[in-house]
2 protein chains.
Amino acid sequence: MAIAITDHTTKAFDADLLELTRMIAEMGGLAERQLIEAVDALVKGDRAHGERVVLADSLLDARQRDVELKAIATIATRQPMAIDLREIVGILRIANELERIGDLAKNIGKRVDGLNGELMPRKALRGVAHMTELALHLLRDALDSFAEKDGTKAIDVRNRDEEIDAMYTSLFRELLTYMMEDPGTVAFGIHLLFCAKNIERMGDHATNIAEAVYYMVEGHAFANERPKADATSGMTIAFNTSH
Amino acid sequence: MAIAITDHTTKAFDADLLELTRMIAEMGGLAERQLIEAVDALVKGDRAHGERVVLADSLLDARQRDVELKAIATIATRQPMAIDLREIVGILRIANELERIGDLAKNIGKRVDGLNGELMPRKALRGVAHMTELALHLLRDALDSFAEKDGTKAIDVRNRDEEIDAMYTSLFRELLTYMMEDPGTVAFGIHLLFCAKNIERMGDHATNIAEAVYYMVEGHAFANERPKADATSGMTIAFNTSH
């Protein structure tokens, strides 16, 4: 009888875990969609589209709460073993990262309004669109590493975050130059910089997801410090005030 | 005997809860300290000080992990009732918000390097310092509302977040004007804007803490939508290109 009960508990726990995994996949899809829609609205300068992105963020917030409550109810009722607890802790962390990606997409959606000008070169917008593609790939691979419980794929995500950081650094430099050469581009440029910074941070959150997956699979954090290539926070560039 | 066991479990649970409450107070103190130190480094342009703030952030990250693991172990071993679970969920959320405040302070610490110039008026730095004071007050009151389980104080925090948002909007406008009038201030101005935005977001996180407290005390979220006064994301201002 005792074995039967344990079996039953294990099956119920597995069902809970499966449901949580499905919820994370759904949140991941929503987060991807929000990023795509926000940058689409940005590039097209479509304010109504930007507003829809802002409104849709509450769905992702609600989903995170659902994951949190479901995870805690699972822990409270199934009393899982240490290794299963680790999986649930990882799921809680991933839901949190996805919610933060949603917040950043929402902020881009809000900025579409401020970017309603024609002064910034298309090249800068293309830079943001390119960063977005990289961030999406990273996010998808991080979510795949979770779905497949693949620690190697997780390490790969961690290593590729550098590319986004480097692209942000170069875009930052480019936008700064435009703004200093033509003060009429300052307002537009700042909004675009904030958008680019948001995408760069999404890369960090994708990496955090990969770290959570690695921890779930391996039982310990990544061995060495994460590589970083966003050098803009300490950036001072030569001023060109002679225009 | 059954009652004795229940008593024992309740006492053990209360001790866990007390320990978690202490850990949150410690994290709150660390987060406050990081904000104070980061802005101090910023205002004085002290790079070494900024670097120390960056390094110290890992302590706050570690403390958040500790809270998370302790909370989950408590749920797994004590099988708390719904109302006690609600308290632990609230504690997990508060720890998460404090960790995010730490990240924002760290980012200000990083930017001290980029702000090593004399071009921006002291007035703008004073604006940031003033925003910081407001954010600190809000954070302290949010933490007090947690320590005292005071729902009324939590509502008060929520209502006061508007002040920081309004101050950020005004500082944003001011910095934009400087940058457009004197392109030599663009690099400096952007770093300062990112710092101001970070402080504005800390106000949001303090409000999130207040919301978590309110939920713990009342069992439901704040009734009406949070007031918002940061209008900069949609801001386009008249360009002055005639400098």
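With a Förster radius of 56 Å, plug the Cβ-Cβ distance of B:Ser170 and B:Ala82 into 1/(1 + (r/R0)^6) and report the FRET value to the nearest 0.05. Could you put the intermediate results ahead of the total?
Numbers: r = 45 Å, r/R0 = 0.80.
With a Förster radius of 56 Å, E is 0.80.
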Checklist entry - Measuring from a point 7 Å out along Cα→Cβ, what nm distances, shortest first, does A:Gly29 have to its partners in the other copies? => result 4.8
Checklist entry - With a ≥ b ≥ c the root eigenvalues of the C-alpha gyration tensor of segment A:41-178, is it rounded (a/c under 1.5), prolate (a/b larger than b/c) or oblate? => result oblate
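Given +1 on the Cβ of Lys and Arg, -1 on the Cβ of Asp and Glu, and no further charges, what dipole in debye does segment B:2-234 carry about its Cα centre, rounded to the nearest 20? Display every interim value, and only then the final one.
Details: 29 positive and 40 negative charges, 67 e Å.
Rounded to the nearest 20 debye, it is 320 debye.
Neighbour counts of other C-beta atoms within 10 Å: give me B:Val217, A:Val67 arranged from fewest to most.
Working: B:Val217 20, A:Val67 23.
Ascending Cβ contact count within 10 Å gives the list B:Val217, A:Val67.
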Next on the checklist: With just the Cα atoms defining each centre, how far is segment A:140-210 from segment B:130-176? Give it in Å.
Outcome noted: 29 Å
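Among rounded, prolate and oblate, which fits segment B:167-207 when a ≥ b ≥ c are the square roots of the eigenvalues of its C-alpha gyration tensor, a/c under 1.5 means rounded, and a/b larger than b/c means prolate? Let's see the in-between values first.
Working: a/c = 6.08, a/b = 2.27, b/c = 2.68.
It is oblate, given that a/c is not under 1.5 and a/b is not larger than b/c.
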Checklist outcome for this item: If R0 = 41 Å, then A:Lys123 and A:Glu218, at their Cβ-Cβ distance, give a FRET efficiency to the nearest 0.05 of 0.45
Item to check | Residues of type aspartates and glutamates that B:Lys149 reaches as a straight line, Cα spacing below 18 Å, ignoring anything fewer than 8 places off in the same chain | outcome: B:Asp14, B:Asp16, B:Glu19, B:Glu26, B:Asp84, B:Glu87, B:Glu97, B:Asp141, B:Glu211, B:Glu218
Item to check | Other-copy label distances relative to B:Ala48, 7 angstrom Cα-Cβ extension, nm | outcome: 5.9
Item to check | Positive-pole candidate from A:Gln79, A:His137, A:Ile36, dipole of chain A, charges at beta carbon | outcome: A:Ile36
Checklist entry - Taking the mean number of other Cβ atoms within 10 Å as a proxy for protection, how do you rank A:103-111, B:125-133, A:134-142, A:12-20 from highest to lowest? => result A:103-111, A:134-142, B:125-133, A:12-20
Checklist entry - Near A:Lys44, which lysines are there with a Cα under 26 Å away, not counting those fewer than 8 places off in the same chain? => result A:Lys106, A:Lys110, A:Lys123, A:Lys197, B:Lys197
Checklist entry - If one computes the Cα centroid of segment A:38-104 and of segment B:1-70, what distance in Å separates the two points? => result 24 Å
Next on the checklist: Measuring nothing but label to label, 7 Å from Cα along Cα→Cβ, what are B:Ala73's distances to the other copies in nm, shortest first?
Outcome noted: 2.7
Checklist entry - According to a simple spin-label model (label point 7 Å from Cα along Cα-to-Cβ), what is the distance in nm between A:Ala73 and A:Val43? => result 4.1 nm
Checklist entry - For A:Lys70, which lysines qualify as cross-link partners when the Cα separation must be under 20 Å and same-chain residues fewer than eight apart are set aside? => result A:Lys11, B:Lys70
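We did not get these values from a lab; they are worked out from the coordinates using the rules stated. All values derive from a computational prediction rather than experimental measurement. Because the Cβ atoms are built from the backbone with ideal geometry, glycine has one as well, and the counts that use them run over all protein chains shown.
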